[in-house]
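Below: one structure, written as structure tokens.
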Amino acid sequence: MTAKPVAVTVTNVDKIFRSRKGAEVHALSDVSLEVAAGEFISLIGPSGCGKSTLMRLVADLDGITSGEITVFGKTPEKARKDQDYGIAFQQAGLLPWRSVRANIELPLEIHGWEPRDRKERSDELLELIGLADFADHKPDQLSGGMKQRVAIARSLAERPRLLLMDEPFGALDEITREHMQNELVALCQETGAAVIFVTHSIPEAVFLSDRVVVMSPRPGRITEVIDLDFSSRDEELREDAAFYEGVTAVRNALHGGETAGARGVENR
Amino acid sequence: MNAGSTARTLLAPVVLGAAAIALWQLLVVAFQVEPFLVPSPSGIAGAFADTASGIMEASLATGLNALIGLLIGAVLGIFVAIIANALTFLDRMLVPLVAALAVIPIVALAPIFYAMFGAAAETGRQLVAAVAVFVPMYLNTLHGLRQVEPVHRDLMRSYAATKEQTNRMLLIPGAIPYVLTGLKIGSSLAVISALIAEYFGGPAKGLGRAITSSAAASNYTVAWAYVLGAVLLGTVFYGVTAALESFSHRHRSGT
């Protein structure tokens with residue numbers, strides 16, 4: 001347990017999806033987790049382990065079946081309505097008819113910011129993601145990595161204390177991906193936000209996280225939580241022995257006894 | 001598309017059209033076909049030139065009815081679609097009604113509208129066009145409003161956006177290409193409906209009336225000249241809306 005204030009608590013949560021025909025999918029079973037303020041947590045596991053579902057429950061995009069989730073001491077619904085978190089998905093999800101700037105300003109516009117304040121904030125964010133020259137471009141004119149940077153800027157627009165990210169780099173090539181990871185580390189140090197990061201890449205989880213939460217499917221549950229304590233996260237860490245130890249620890253946890261369960265996890 | 005291929009795509013139909021007209025002229029002259037059967041293209045062109053001002057006047061009359069009908073039908077179709085999309089129960093109530101509306105030969109409503117508003121007033125003819133336009137506008141807009149990506153829906157939910165905001169910032173802009181396609185389909189329907197509605201009587205001064213009265217007076221070549229006017233009017237309506245559609249498409253894809 002950490003002495004820091006708590007960002008998210010998940011207590012004995014179950015999630016069961018019912019299809020219209022009555023078939024049930026037990027997506028999450030008795031999941032408990034605590035995320036401290038400013039902490040970077042990765043959820044990793046094979047497809048169907050419920051890692052995205054867990055993130056969606058915290059975001060109040062789906063409702064829990066039983067158990068309890070709090071976000072900064074509130075219900076997820078209250079936290080969503082109070083805009084306590086920023087969110088990014090695997091698809092950038094930019095609106096194609098809006099410029100890069102207007103996309104970043106979308107949440108600000110919805111929440112009634114004055115045009116002048118919106119412009120000031122989007123200027124800062126465009127600078128932050130290095131796309132100031134592309135402010136007036138349409139999303140279709142950007143590369144995949146640039147679109148994802150815009151989506152991340154949008155998630156940071158209201159300076160949330162919690163970032164929820166569902167495989168935001170999943171569709172990017174390896175080089176862009178490492179570059180984006182470095183940027184994300186810098187962003188998190190700057191903003192001090194807590195992050196729940198869903199991924200199925202072991203090195204990505206190890207590189208970014210304070211703790212890696214390993215999950216397994218049918219029903220989705222947490223099998224192991226691995227603490228990582230790196231003094232710094234930069235390019236050198238990727239070559240460091242401690243990094244490889246972390247990768248090995250996560251890989252062993254994923255394979256833990258039932259090798260079949262680890263299928264679908266990328267070892268890159 | 002480069003200039004060469006644009007020229008080619010334009011040239012091919014023009015050449016085909018010219019060849020067809022030349023063949024038509026040749027056949028009419030060679031077999032001495034009577035004008036009440038088929039007049040020659042040169043005869044139609046001559047009649048068109050002679051009655052140009054009359055055709056223009058009639059085109060404006062029919063065109064204005066079509067335009068007013070198009071606007072009423074489009075606004076109504078878009079508006080009802082937005083409401084139906086927001087209120088699911090209303091959509092379910094409207095499905096059979098719109099289906100019924102789609103299979104009614106809408107110009108058949110003309111005599112009924114004439115009885116309601118008087119055959120001398122243009123209202124009936126404008127309403128016929130409006131009803132004809134409403135159906136494709138409603139269906140296309142509704143379809144467009146439902147083409148929402150799940151990631152965008154999640155995003156708007158995460159922002160706790162109101163229904164009004166979701167409509168204004170996500171659904172309606174997303175539906176615009178579909179609305180414009182509906183408008184393109186509706187534009188031809190508007191012209192056809194406004195014109196045919198004139199066949200059902202009343203002292204109309206449009207193209208439909210001119211075609212029937214010319215034919216009744218055995219001025220077949222003149223009747224054909226008015227038909228040519230109707231083709232041109234329809235082409236203008238279609239061309240403008242098609243250009244609007246492709247402009248929005250290009251604008252949107254950001255090239």
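If you take the residues in segment A:81-90 that are surrounded by fewer than 22 Cβ atoms within 10 Å (Cβ to Cβ) and in contact with a strand residue (DSSP E or B) (Cβ under 8 Å, 6 or more places away or on another chain), which one is farthest from the other protein chains (Cβ to nearest Cβ)?
Top of the filtered list is A:D84.
So which residues in segment B:148-164 are within 32 Å of the chain's Cα centre (by Cα) and facing another protein chain (nearest Cβ under 8 Å)?
Of segment B:148-164, the ones within 32 Å of the chain's Cα centre (by Cα) are B:148-149, B:164.
Answer for segment B:148-164, where residues must be within 32 Å of the chain's Cα centre (by Cα) and facing another protein chain (nearest Cβ under 8 Å): just B:E149.
Across segment A:140-169, which residue is nearest to the other protein chains (Cβ to nearest Cβ) among those that are over 26 Å from A:L43 (Cα atoms) and out of contact with any helix residue (DSSP H, G or I) (no Cβ under 7 Å at 6 or more places or on another chain)?
A:Q141
When only residues in segment B:47-71 that are part of a helix (DSSP H, G or I) and β-branched (V, I, T) count, which is nearest to B:Y199 (Cα to Cα)?
Applying the filter and picking the extreme gives B:T62.
Is one or more of the residues making up segment A:116-125 more than 12 Å from chain B (Cβ to nearest Cβ), touching a Ser or Thr at 6+ places or on another chain (Cβ under 6 Å), at negative phi and in a helix (DSSP H, G or I)? Before you say what the answer is, go through the steps one by one.
Pass one, segment A:116-125, residues more than 12 Å from chain B (Cβ to nearest Cβ): A:116-125.
Now restrict to residues that are touching a Ser or Thr at 6+ places or on another chain (Cβ under 6 Å): none.
No, every residue in segment A:116-125 fails to be more than 12 Å from chain B (Cβ to nearest Cβ), touching a Ser or Thr at 6+ places or on another chain (Cβ under 6 Å), at negative phi and in a helix (DSSP H, G or I).
Answer with yes or no whether A:G170 is on the phi < 0 side of the Ramachandran plot and surrounded by 22 or more Cβ atoms within 10 Å (Cβ to Cβ).
When the stated conditions are applied, A:G170 does not pass them.
In segment A:196-248, which residues are in contact (Cβ under 8 Å) with a residue 12 or more places away in the chain, polar (S, T, N, Q) and not in a strand (DSSP E or B)?
Listed by number, the list holds a single entry, A:S209.
Please work out if A:G112 is loosely packed, with under 13 Cβ neighbours inside 10 Å, within 14 Å of chain B (Cβ to nearest Cβ) and closer than 30 Å to A:R218 by Cβ.
Against the criterion (loosely packed, with under 13 Cβ neighbours inside 10 Å, within 14 Å of chain B (Cβ to nearest Cβ) and closer than 30 Å to A:R218 by Cβ), A:G112 does not qualify.
Going through B:G234, B:G208 one at a time, which residue ends up being part of a helix (DSSP H, G or I) and either surrounded by fewer than 20 Cβ atoms within 10 Å (Cβ to Cβ) or at pLDDT 90 or above (or both)? If you could, list the steps in order and put the result at the bottom.
Numbers: B:G208 fails: either surrounded by fewer than 20 Cβ atoms within 10 Å (Cβ to Cβ) or at pLDDT 90 or above (or both).
One residue alone meets the criteria, B:G234.
Applying the selection to segment A:222-245, what residues are surrounded by 18 or more Cβ atoms within 10 Å (Cβ to Cβ) and either over 19 Å from A:E178 (Cα atoms) or modelled with pLDDT under 85 (or both)?
First, the residues of segment A:222-245 that are surrounded by 18 or more Cβ atoms within 10 Å (Cβ to Cβ): A:222, A:226, A:228, A:233, A:243.
Selection gives A:I222, A:I226, A:R233, A:F243.
Which ones in segment A:185-194 are surrounded by fewer than 24 Cβ atoms within 10 Å (Cβ to Cβ) and either touching a Phe, Trp or Tyr at 6+ places or on another chain (Cβ under 8 Å) or in a helix (DSSP H, G or I) (or both)?
So in segment A:185-194, the residues surrounded by fewer than 24 Cβ atoms within 10 Å (Cβ to Cβ) come out as A:185-193.
Correct list: A:V185, A:A186, A:L187, A:C188, A:Q189, A:E190, A:T191.
Go through (1) in a strand (DSSP E or B); (2) at the interface with chain B (Cβ under 9 Å from one of its Cβ atoms); (3) surrounded by fewer than 21 Cβ atoms within 10 Å (Cβ to Cβ) and name the single condition A:H137 misses.
Result: A:H137 fails condition (1) only.
Limited to segment B:101-117, what total is found for residues that are of a type in the set (A, V, I, L, M), loosely packed, with under 13 Cβ neighbours inside 10 Å and under 20 Å from the mean Cα position of the chain (by Cα)?
Final tally of qualifying residues: 3.
Considering segment A:46-61 alone, what residues qualify as being of a type outside the set (A, V, I, L, M) and not in a loop (DSSP other than H, G, I, E, B)?
A:K51, A:S52, A:T53, A:R56
Is it fair to say B:A190 is modelled with pLDDT of 90 or more, part of a helix (DSSP H, G or I), among the small types (G, A, S) and in contact with a Gly (Cβ under 8 Å, 6 or more places away or on another chain)?
Yes; evaluated as a whole, the condition is true for this residue.
Would you tally the residues in segment B:62-95 being of a type outside the set (S, T, Y) and under 15 Å from the mean Cα position of the chain (by Cα)?
14
Only residues that are modelled with pLDDT of 90 or more and more than 14 Å from the chain's Cα centre (by Cα): list them for segment A:46-60, please.
A:D60
Go through segment B:20-41 and give me each residue that's over 28 Å from the mean Cα position of the chain (by Cα) and exposed (fewer than 14 other Cβ atoms within 10 Å of the Cβ).
Matches in segment B:20-41: B:A22, B:L23, B:L26, B:L27, B:V29, B:A30, B:F31, B:Q32, B:E34, B:F36, B:L37.
The values are calculated or read from the model by the stated rules, or taken from the named source; none is laboratory data. What you see is a predicted model; the values in this text were computed from it and never measured. Note that each Cβ is placed from the backbone with ideal geometry, even for glycine, and that neighbours are counted across all protein chains shown.
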